[in-house]
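Peer 1: This is the structure I have questions about; it appears just below.
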């Protein structure tokens with residue numbers, strides 16, 4: 001518990017405002033004699049200070065604090081806790097649930113991000129073909145994105161309902177309980193060929209794929225709007241030139257649209273990676289317990305369970321820090337590998 | 001000729017793909033709305049019911065008449081001294097006597113609704129008339145009704161379709177959740193039930209208050225900081241800006257636990273402070289508005305400076321009015337984020353009075369059980385404010401998103 005008083009002394013908020021008041025009074029006293037650069041310095045800091053104070057209080061110090069308490073043994077509000085160094089991380093490395101959550105999250109990212117970008121590109125290209133009713137189509141594709149995930153997850157849960165769900169009627173699979181089927185889809189697909197896959201290689205469970213489909217439905221509209229804006233910023237001369245060279249529709253998309261759209265796709269890939277890695281709401285609403293055999297447990301959900309169900313703040317913080325490192329590593333990797341293939345227009 | 005034919009086909013193909021996609025995208029919304037006006041029996045069918053009884057105008061007319069008899073044409077009700085008459089047609093009404101009852105809520109000690117209601121069943125030429133009369137002093141908002149019809153009576157049809165039909169020995173058991181609904185009371189029955197099943201008005205208040213405060217505070221802080229970054233040269237600017245950029249790297253999950261501990265130490269858990277204060281500064285908002293301020297011509301500010309304007313008045317008199325589109329974009333984003341958030345309010349609130357609409361809905365999903373009509377009604381209510389807002393400010397939504405993507 002030693003860490004808390006140390007940290008808490010920083011937080012009577014008036015401590016932020018008291019020096020500010022002092023500076024203001026001084027400034028008011030000698031405003032007339034101040035050179036231009038001092039006035040700029042004064043007002044610059046006055047304007048930045050509230051936002052900076054907020055960032056320091058709620059983002060920057062807490063991040064460091066998370067790192068700090070991850071080094072303690074079972075830090076919570078009850079009882080003593082002591083410094084144990086990297087022990088939480090050591091436990092984490094051997095925690096099967098953590099690896100389960102990580103591989104689930106990996107599959108989630110690997111599915112939703114590319115599918116979201118490809119579908120989004122297809123729809124955006126079609127919408128960009130000077131069609132009628134553009135506004136209507138765009139609205140329909142966009143509405144899921146502004147719909148609250150909680151409500152959307154409730155609707156999809158109803159669609160996936162084993163007895164009365166719409167999907168089972170549509171596919172004529174009565175009684176199939178989508179959200180409680182823990183078998184991996186790759187494993188299921190390869191089973192008829194006599195290949196038995198286990199664990200990670202069996203792929204995401206049917207339940208998790210159902211959640212992924214719902215997620216793609218939810219954020220597709222965002223991708224479409226961004227890609228449409230990207231498409232509209234491609235100068236038409238390129239297409240005219242390609243037409244003169246006798247390029248067909250497909251060739252135009254392949255050799256003009258795709259490369260010139262790559263900065264936008266790259267942006268979406270990064271944003272998608274970071275966002276997908278933190279997936280929580282739809283999983284929590286559709287499978288509150290993390291599914292059968294934890295088949296839909298994600299890293300964010302595991303963190304929530306550890307921190308706020310089991311009140312093990314240290315372990316949850318170690319999880320959070322690890323998550324940050326993984327996202328950071330993946331983003332850097334993505335930058336290194338993908339960005340080479342991005343064509344920035346001169 | 002063949003090239004124009006090919007053009008036509010390709011156009012058709014484009015529309016076909018787009019429409020197919022749009023159907024898939026829009027279907028969950030349709031399904032939510034359709035289920036929200038279904039009775040439990042309609043919702044729980046193996047084959048989906050595309051048009052529930054409650055959206056058919058023929059039934060609205062009957063519902064309005066029954067509502068007018070019991071109370072009001074729109075919201076129905078059952079006032080003292082009023083009688084409601086429901087016709088049920090049957091092939092052979094003389095074959096047997098129907099029975100009728102006002103169902104009591106399960107485990108109720110006493111039920112004034114059934115005790116003060118007199119039920120009479122009269123035989124008429126083509127069937128029966130069920131007449132309910134309120135002999136008590138109380139006004140009821142709804143009056144449920146169950147009627148048993150002998151199976152020997154053959155085919156039957158009630159003027160207001162029953163919400164459930166079940167077979168019970170020699171009888172058909174017809175159930176109405178409300179025999180005097182009125183037009184809206186009929187159509188929005190599930191909405192009204194859901195609204196009273198949980199304190200949704202409080203949930204909405206908490207959500208709107210939280211989101212509005214976040215927007216107002218966020219706008220103030222972001223405008224000031226963005227202006228400083230864009231238009232004032234002050235020592236340390238680059239360093240602070242770099243610090244802000246660096247915070248974008250931190251995923252929100254890292255902050256959950258330390259911020260929770262901090263709020264606990266401040267005794268702010270389960271208060272509005274916990275919902276609002278941690279979200280007041282937004283790097284996204286600062287970046288967005290900074291771009292706006294950077295795009296304004298420098299001459300404007302030089303001229304103001306020569307005229308003796310201070311930075312304070314430059315910000316609020318010149319830069320602020322010109323950045324209104326950016327402010328709206330940021331405002332919409334901040335509101336949307338606050339209104340749709342689940343994880344953070346779930347963590348920092350405990351009491352039902354402090355639940356936002358998303359947390360309330362999440363709790364309701366657990367409590368509503370198998371009443372999918374009410375659940376979908378509650379979901380519809382939860383997303384309605386944002387959808388309405390979208391139709392009013394469509395352009396800002398779309399442009400705002402597009403702007404967030406182009407750097």
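Peer 1: How many angstrom lie between the C-alpha centres of segment A:297-316 and segment A:83-156?
Peer 2: 21 Å
Peer 1: Let me ask another. Could you grab the relative contact order for segment A:93-341? Cα pairs under 8 Å, six or more apart, rounded to a whole percent. Mind showing how you got there, number by number?
Peer 2: Values: 281 pairs, mean separation 69.3, N = 249.
Once normalised by length, the contact order is 28 percent.
Peer 1: Please report the projected area of the protein assembly as shown's Cα convex hull averaged over all directions, in nm².
Peer 2: On the way: hull surface 179.2 nm².
For the protein assembly as shown, the mean projected area of the Cα convex hull comes to 44.8 nm².
Peer 1: Also, quick follow-up: Counting helices only, and only those DSSP H runs with n ≥ 4, report the 222 nm mean residue ellipticity of chain A as the sum of -39,500 (n - 2.57) divided by its residues, in deg cm²/dmol to the nearest 500. Walk me through the numbers before you get to the answer.
Peer 2: Values: 17 runs with 224 residues, N = 346.
Theoretical 222 nm ellipticity from helices: -20500 deg cm²/dmol.
Peer 1: Given the convex hull of the Cα atoms of chain B, what is a quarter of its surface area in nm²?
Peer 2: Details: hull surface 133.4 nm².
Result: 33.3 nm².
Peer 1: Counting other beta carbons within 10 Å of each Cβ, put B:247, A:265, B:19 in order, fewest first. Mind showing how you got there, number by number?
Peer 2: Details: B:247 16, A:265 23, B:19 13.
Sorted ascending by nearby Cβ count, the order is B:19, B:247, A:265.
Peer 1: Please check: in the Gaussian network model of chain B (C-alpha springs, under 10 Å), which one of B:43, B:63, B:323 has the largest mean-square fluctuation.
Peer 2: B:323
Peer 1: Using a Gaussian network for chain B with springs between C-alpha atoms less than 10 Å apart, which of these wobbles most: B:160, B:322, B:361?
Peer 2: Of B:160, B:322, B:361, the most mobile in the Gaussian network model is B:322.
Peer 1: Principal axes first, then extents: for the Cα atoms of segment B:365-407, list largest minus smallest coordinate on each axis, whole Å, largest first.
Peer 2: Taking the Cα atoms of segment B:365-407, the three principal extents are 46, 22, 10 Å.
Peer 1: Dividing the alpha-carbon Rg of segment A:70-166 by 2.2 N^0.38 Å yields what? It would help to have the intermediate numbers written out before the result.
Peer 2: Working: Rg = 22.5 Å, N = 97, 2.2 N^0.38 = 12.5 Å.
Scaled against compact globular proteins, the figure is 1.80.
Peer 1: Which of B:202, B:192 has the fewest other C-beta atoms within 10 Å, and how do the rest follow up to the most?
Peer 2: Details: B:202 15, B:192 20.
Placing the least packed residue first, the sequence is B:202, B:192.
Peer 1: Follow-up question, since we're still on this one. Could you let me know the centre-to-centre spacing of segment B:95-149 and segment B:234-291, using Cα atoms, in angstrom?
Peer 2: 60 Å
Peer 1: How many times 2.2 N^0.38 Å is the alpha carbon radius of gyration of segment B:56-180? Spell out each step's value before the answer.
Peer 2: Values: Rg = 14.1 Å, N = 125, 2.2 N^0.38 = 13.8 Å.
For segment B:56-180, the normalised Cα radius of gyration is 1.03.
Peer 1: Show that you can apply the helix-only estimate: for chain B, add -39,500 (n - 2.57) for every DSSP H stretch of four or more residues, divide by all residues, and state [θ] at 222 nm to the nearest 500.
Peer 2: Values: 17 runs with 222 residues, N = 407.
Taking each H run of at least 4 residues, the total per residue is -17500 deg cm²/dmol.
Peer 1: Sorting B:113, B:233 on the 10 Å Cβ count, fewest up front, what's the list?
Peer 2: Working: B:113 21, B:233 11.
The most exposed by this proxy come first: B:233, B:113.
Peer 1: How big is D for chain A, in µm² s⁻¹ as a whole number, if Stokes-Einstein is applied with the Kirkwood radius of its Cα pairs at 4 °C and 1.567 mPa s? Don't jump to the answer; show the numbers that get you there.
Peer 2: On the way: Rh = 24.3 Å.
Translational D for this selection: 53 µm²/s.
Peer 1: Still on this model: Quick one: check the C-alpha center-to-center distance for segment B:331-407 versus segment A:214-287, whole angstrom.
Peer 2: Cα centres, segment B:331-407 to segment A:214-287: 26 Å.
Peer 1: Comparing B:318, B:14, B:365, which has the greatest mean-square fluctuation in the GNM of chain B with Cα pairs linked when under 10 Å apart?
Peer 2: It is B:14.
Peer 1: For residue A:136 and residue B:246, what is the calculated FRET efficiency with R₀ set at 60 Å and r taken between the beta-carbons, to the nearest 0.05?
Peer 2: On the way: r = 42 Å, r/R0 = 0.70.
For R0 = 60 Å, the calculated efficiency reads 0.90.
Peer 1: If you don't mind, another one. What FRET efficiency comes out for residue B:306 versus residue A:33 if R0 is 30 angstrom and r is the Cβ-Cβ distance? Round to the nearest 0.05. Mind showing how you got there, number by number?
Peer 2: Values: r = 19 Å, r/R0 = 0.64.
Between residue B:306 and residue A:33 the formula returns 0.95.
No value in this document is a laboratory result; all are computed from the given coordinates. Note that the structure is a prediction, hence the values are computed from the model and not measured. Glycine gets a Cβ as well: all are built from the backbone with ideal geometry, and neighbour counts include every protein chain shown.
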